[in-house]
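Each remark here refers to the structure printed beneath this line.
The values are calculated or read from the model by the stated rules, or taken from the named source; none is laboratory data. Fair warning: this is a prediction, and the values are worked out from it, not measured in the lab. Every residue, glycine as well, gets a Cβ built from its backbone with ideal geometry; the counts of neighbours run over all protein chains shown.
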Amino acid sequence: GGIPRQVIHKHTGLLAHSVEGTAYQIRYLLSNPSIAHRLGEQGHEHVRENFLITTNAKRYLTLFLHLLGHS
């Protein structure tokens, strides 16, 4: 699915596979606000670099120009 592509476990967020796992991860983040903040910052950057339409549009434009021979 799409969630593991968007959330990189322990880098841009935390993944859980059960209700109990989700509760554990929430308690962990509440007990470790600096880690929660770091994951949030890294998650924001990951989305900005990989999922914004403007970023993808620039990549496609660069590709099309390259394919047309316009470096």
Which residues, counting only those in segment 52-71, are loosely packed, with under 10 Cβ neighbours inside 10 Å, of a type in the set (Ser, Thr, Tyr) and under 19 Å from residue 6 (Cα atoms)? 54
If you check every pair at least six apart or on different chains, which have Cβ atoms under 6 Å apart with a residue in segment 15-37 that is without any contact (Cβ under 8 Å) to a residue 12 or more places away in the chain first and a residue that is in a helix (DSSP H, G or I) second? 16/22; 16/25; 36/29
Any residue in segment 45-65 that is touching a residue at least 60 places away in the same chain (Cβ under 8 Å) sitting within a Cβ distance under 8 Å of a residue that is among the small types (Gly, Ala, Ser) and not in a helix (DSSP H, G or I)? List the pairs, counting only those 6 or more apart or interchain. none
Among the residues listed as 39, 30, the single one being loosely packed, with under 13 Cβ neighbours inside 10 Å, at pLDDT 95 or above and part of a helix (DSSP H, G or I): 30
Here is a check on your reading of the model: is residue 46 surrounded by 10 or more Cβ atoms within 10 Å (Cβ to Cβ) and in a loop (DSSP other than H, G, I, E, B)? no
With the first residue restricted to segment 1-13 and required to be without any contact (Cβ under 8 Å) to a residue 12 or more places away in the chain, and the second required to be surrounded by 11 or more Cβ atoms within 10 Å (Cβ to Cβ) and assigned to a loop (DSSP other than H, G, I, E, B), Cβ contacts under 7 Å at 6 or more apart or on different chains are 4/15; 9/15
